[in-house]
1. Those residues that are aliphatic (A, V, I, L, M) and in contact with a strand residue (DSSP E or B) (Cβ under 8 Å, 6 or more places away or on another chain), I need them from segment 381-419; list them, please.
2. Taking VAL428 and the conditions (1) at pLDDT below 95; (2) under 23 Å from ASN270 (Cα atoms); (3) out of contact with any Pro (no Cβ under 9 Å at 6 or more places or on another chain), which numbered condition does it fall short on, given that it satisfies the others?
3. Pull up segment 404-421, narrow it to residues that are modelled with pLDDT under 85 and more than 17 Å from the chain's Cα centre (by Cα), then point me to the one that is least open to solvent (accessible area, probe 1.4 Å).
4. Can you work out which of the residues in segment 64-103 that are open to solvent by less than 50 Å² (accessible area, probe 1.4 Å) and of a type in the set (D, E, K, R) is modelled with the lowest pLDDT?
5. Please determine, by comparing only the residues of segment 148-173 that are at pLDDT below 75 and polar (S, T, N, Q), which one is least open to solvent (accessible area, probe 1.4 Å).
6. Any idea which residue in segment 241-257 is least open to solvent (accessible area, probe 1.4 Å), counting only those that are at pLDDT 85 or above and of a type in the set (D, E, K, R)?
7. Would you mention how many residues in segment 407-438 are touching a residue at least 12 places away in the same chain (Cβ under 8 Å), within 25 Å of ASN25 (Cα to Cα) and not aliphatic (A, V, I, L, M)?
8. Taking segment 180-210, which residues are in contact with a Gly (Cβ under 6 Å, 6 or more places away or on another chain), open to solvent by less than 30 Å² (accessible area, probe 1.4 Å) and at pLDDT 90 or above?
Amino acid sequence: MERVALSIRPYARLLSMLGDQLIKNERIALVELIKNAYDADADRVEVRFEDFNEDMSHNVGSRIVVRDDGIGMTPEVVQTQWMNPAAPRKYLNKKKGRGRTQGKKRVIHGDKGIGRFAVLKLGMVFTVTTRPASHDHESVLYYDFSQFDNEFVSENNRDTPVFLDEIKIEYVQRDPQTFPGTQNGTEIEIRNLRGVWDDNIIEQLCGDVYSLTDPVSRITGHDAPDSLEIVIVCNKKRRRFGTDSRETLAALIEDKAVLSIDGRFDSATNSFMYTIGDNKHEISLQDSKITGLWIWRQRFGKSTKDNAAADLRFKCGDIVFQFHIFDFSRGLQNRYALTSDEKRLLKTHRIYLYRDRMRVYPYGDPDDDWLSIDVTRGTGRAGNFFSNDQILGSIDITQEGNPELRDKTSREGLIETGGAATDLKFLVQTFLSYINQYPYKRYESSGRDRNIVQTVRDKLIS
C-alpha cells in the first residue's frame, strides 16, 4: 500500500464562509472593522456612507469608508500578516502576557484574523490604504471579487470553481495621497455593496456604536483615558447618537432605580461582594439564603451536604458587575414610578457583557435573553426573578482573568463548551435571584406603598 502526503488547498468560497456567512449582519461587520481600529491604537475612527440615496438605501455608486488614525501597517506587516489570516503572532503574544498595544496599552481583542473578512459581508470590491507613522510611503491593497458570485465561482463559467491560492490581490507602495503630510492610519473603502441598508439600520448601527465600549463612559459621558471616538457620517452629514438617551438613562439611574448595585464575584472565596448605596455587603455561596434559592436547588438539589458550596469550583473566574433595578409595577405612585417613555427606553437596554471594556455581541440587545431570565421565569417561579425589562446592567470580564470564557469565531457570544459560560450565567442568575428575594422584597414590603413618596434605598440591608 502506497502512502502519499496530501496538502490542504481550500476553495476560494472559504472567503465567503468566513465573511458573508460567518458574520451575522452588516452592522456586526462594521463593528468588527471599528474594533480593528481600537486594536490599532486609534484615537478616532470614522465610518462614512457616501453617495447613498436619501433613505440611506444604496445604489451602484454608493460606498462605505472606514478610516482611522491608528498606527497603520508597515509593508512587512501588510505582506506577512494582513495577507496571511490567522497568523499566530497576536495569539502567541497573548500567551506570553504581551496582549496589549504598545502605545495606549489597550488589551488587543483580535487574534484570529477573521475580522478583516467582514468586508465581504459589506461589498465585493474594496481598497485598503495604510501608512505607519514616520513612513514616507503608503501601502495600497486592491481587491475586486465582483468577477465571482457569492460562493466565489467564476461568473463566466459557473462549473469552474476557484481555489483560494488563485485569488490575486493588487498591491502597490506609493507617495502618500490618502494620508498626506504627517498623517498615519488605515482606510478601507468598500464598493459594489451587498445586503440591505436603510435609515432604520443606520440608527441601529448608531445604537451598536453607542454601547460598543466601556458602559460607564457611554452612560455618564466621562470618557476613559484610552477611549475611542467613533464618528458616523451619512452623505456628508454627521449622525448624532446616544446623547439624549445617555442623559435620560443617567437621570433614571440617579432618580428612579430602586437598587443600584456594584459588585463582584470572587472565585477564590466563592462569595459575592457588593454595595447598595453606601452599604457594603458580602454573601457566601454557603449561606442558606443562597443555597435555599430555587435556582440553586434546581442545579444542586435540596441537600448541600454532598456538594457543599465550599467545594464547588466555577470555571468562569472572577466577574465584576453593575446592576440597576427598576420597578415596572402598574399604578405605582412613589418616587420610583416610571412613565411610558421611560419604560420604553429601559426596554431597549438589558444586561451587557464586556470583555476588557469591549462589548461581546449580541448580549444586551433588547431581543436577546442570553442569561435565560425570561426562560427561567417561565419554567420556574416567576416571582423569584426580575424580568429583563426592569434591569439595566453590565458584566465585565477580562481575557487574563477569565481565560475559559472565549468568544465564538463568529463574534456572536461565548463558546458554550467546557462549562465556563454556563457557570457565568448561573452565578448571575443566582445573585439576581438573591437580590430579588431579599433587598428588593424588603423594598416591596416597606417602601412600595402607592400612597407614600419616600426614599428607602439607603435603608435596605441584606
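1. Hits for segment 381-419 are ILE391, LEU392, ILE395, ILE397, LEU405, LEU414, ILE415.
2. VAL428 satisfies all of (1) at pLDDT below 95; (2) under 23 Å from ASN270 (Cα atoms); (3) out of contact with any Pro (no Cβ under 9 Å at 6 or more places or on another chain) except (1).
3. Per the stated criteria, the residue is GLY418.
4. LYS94
5. The extreme case among them is SER154.
6. It comes out as LYS256.
7. Counting residues in segment 407-438 that are touching a residue at least 12 places away in the same chain (Cβ under 8 Å), within 25 Å of ASN25 (Cα to Cα) and not aliphatic (A, V, I, L, M) gives 6.
8. GLY185, THR186, ILE190, LEU193
The values are calculated or read from the model by the stated rules, or taken from the named source; none is laboratory data. The shown structure was predicted, so the numbers you read here are calculated from the model rather than taken from an experiment. All Cβ positions, even for glycine, are placed from backbone atoms using ideal geometry, and neighbour counts span all protein chains on display. Note: accessible area is taken over every heavy atom of the protein model, side chains too, but ligands, DNA and RNA are not part of it. Shrake-Rupley method; radii C 1.70, N 1.55, O 1.52, S 1.80 Å.
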